[in-house]
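Worksheet: one structure, shown below.
Please treat every number below as a calculation from the coordinates, not as lab data. Note that the structure is predicted; figures quoted are calculated from it, not measured. Note that each Cβ is placed from the backbone with ideal geometry, even for glycine, and that neighbours are counted across all protein chains shown.
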Amino acid sequence: MQKVKMGLFYILANWACYAMFCIFLLIAVAFLVYCLYIKHIHMKYDHIPGPPRDSFLFGHSRTMIGETQSGRNVHDKFLQWAEMYGPVVRINTLHVVVILVTCPEATKEILMSPKYLKHKLAYKRLFGLFGTRFLGNGLATATDHEQWHKQRRIMDPAFSSLYLRGLMGTFNERAENLMDELTKLADSKREAKMLQLVNRVTLDVITKVAFGMDLDLLNNESPFPRAIDMCLKGMVHSTQDMFFELMPKNRPFIKEVREACQLLRTTGEDWISKRRTAIQNGENVPKDILTQIIKSAGQEEEINKEDEDFMLDNFVTFFIAGQETTANQLAFCIMELARKTDIVEKAQEEVDAVIGMKQEISYDDLGELTYLSQVLKETLRMYAPSPGTSRELPEDLTISGVHIPAGVMAMFDSYVCGRMDKFFKDPLTFDPDRFHPDAPKPYYCYFPFALGPRSCLGQKFAQMEAKVVMAKLLQRFEFSLVPGQSFDILDTGTLRPKSGVVCNIKHRNPNM
């Protein structure tokens, strides 16, 4: 009996070894096939100019991950490559090839045409973060044209000029709350953390005008600013570092990102449910973004899980996109103006002439603040908060004399183009006169809100809000940067000032 057991043990052990050998062989063969495929990709695309790969397998991943881990702005590396290798730059990651395009003619052809869709691989990474659904298939991330077009058509009324005119009261009210807070800081001679303050104001605005909720974040604590920040940081690590989730040291961070995603989606469930109930009860509800989101899922009494997820995708999209980029633009604008006395004086003269001492800024006033518009546009040139977009190239193209075989992702980076000397003379000089009404218009090298059919739906909303806040700030206060701050840029999915733009604030006497 003992011999039989030993025999069975040896047979099983031999089978286990054989099975392990077969598995190892299959893995080795699969890896070899994959390496051969990568070699094929290299042979297909290596004629496109680009920096030397860090490795055969991982391409340029180590360089880009290194930029992120070091707290540097990876778009500065893209700028360096564009200046070194020309209007088309090849970037490799495993078997994926991305081309960075800074050719205006190609930018026009690709971004202005609906036939070039958002790249599935790039936007799939934003569907979820570390296993938790994030932006899903919302308006910003939908790659199917019909699905996107349906959403866009439904959302358009919430961003019509007529509807936006009606938001001036909220823009003024929330901006006044910021002025009250700055008054307290000026009176007590305390420092103002401007990025934090404008983040709270823009989040107040979007939650009020988009979802009908009053958060009053300048006076109340809320988990939302932290949750948004964690989602954006998680987005950077998820999209730029393929090994991030595998590292045990990152587990606490990943857990917090998942909880942040869940908080935003749970909040969306609650707010959508309340609005749906109001609609079903025949109550008079605003035609705001929340109402349009509900319409996008259909008019049925009962909604299925897919409809619910779809609504929450758009809720999270507008919740984040509706405040983060505007806040960053405002912070960058304040950072630049705080060290440009001549530009501040010119902007203040215009504000004094158009607005005077009145508190309520009208829609028509915004149209007369032309120099302030130039200041905000120049801010977006140098510091595009949402720096780029990408498109799939389904067919062969020739860009600047370089043949591009089909199948690659084309990346368009407004930050990179905005800082290239061939498009803007002395690009690191902040000069609002570049956008003077009589100055030549930038030719497809300035696109902070993207271009064409997939351009940002909320760009007019964002610039109205930014102009109201900046006009009131220039009207009431003098501001200067607290010494010792850096002017570095932090990439957290969107670009923001790394220092937080900490200012000393003083009351302004425009009659002096």
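Quick notes on this one:
- For a paramagnetic label modelled on ASN219 (point 7 Å from Cα along Cα→Cβ), amide N atoms under 16 Å away belong, within the stretch 165-189, to 173-185.
- Pair THR93, LYS460: separation of 7 Å Cα→Cβ label points (nm): 3.5 nm
- Relative contact order, percent, the chain [alpha-carbon distance under 8 Å, six or more residues apart]: 23 percent
- Pairwise FRET efficiency - GLU345 versus ARG251, Cβ, R0 = 51 Å, nearest 0.05: 0.45
- Sites matching trypsin sites (Lys or Arg not before Pro) across the stretch 389-441 that sit in DSSP coil, with at most 10 neighbouring C-beta atoms within 10 Å: LYS425
- Footprinting exposure proxy for CYS503, CYS231, CYS17 (fewest neighbouring C-beta atoms within 10 Å first): CYS17, CYS503, CYS231
- Seen against the Cα atoms of the chain and their longest principal axis, helix 145-155 is set at about 30 degrees.
- 16 Å cut-off, amide nitrogen to a point 7 angstrom out along ARG62 Cα→Cβ, residues in the stretch 68-98: 68-70, 92-94
- For the stretch 44-54, 3J(HN,Hα) computed residue by residue from phi via the Karplus equation (6.51, -1.76, 1.60; θ = phi - 60°) reads 6, 10, 5, 6, 6, x, x, x, x, 5, 5 Hz, glycine and proline entered as x.
- Neighbour-count ranking [beta-carbon atoms within 10 angstrom, fewest first] of PHE127, PHE412, PHE224: PHE127, PHE224, PHE412
- In plain terms, the chain is cut at each of the GluC sites (Glu not before Pro) found in a DSSP loop with at most 15 other Cβ atoms within 10 Å, and the longest leftover piece is 1-190.
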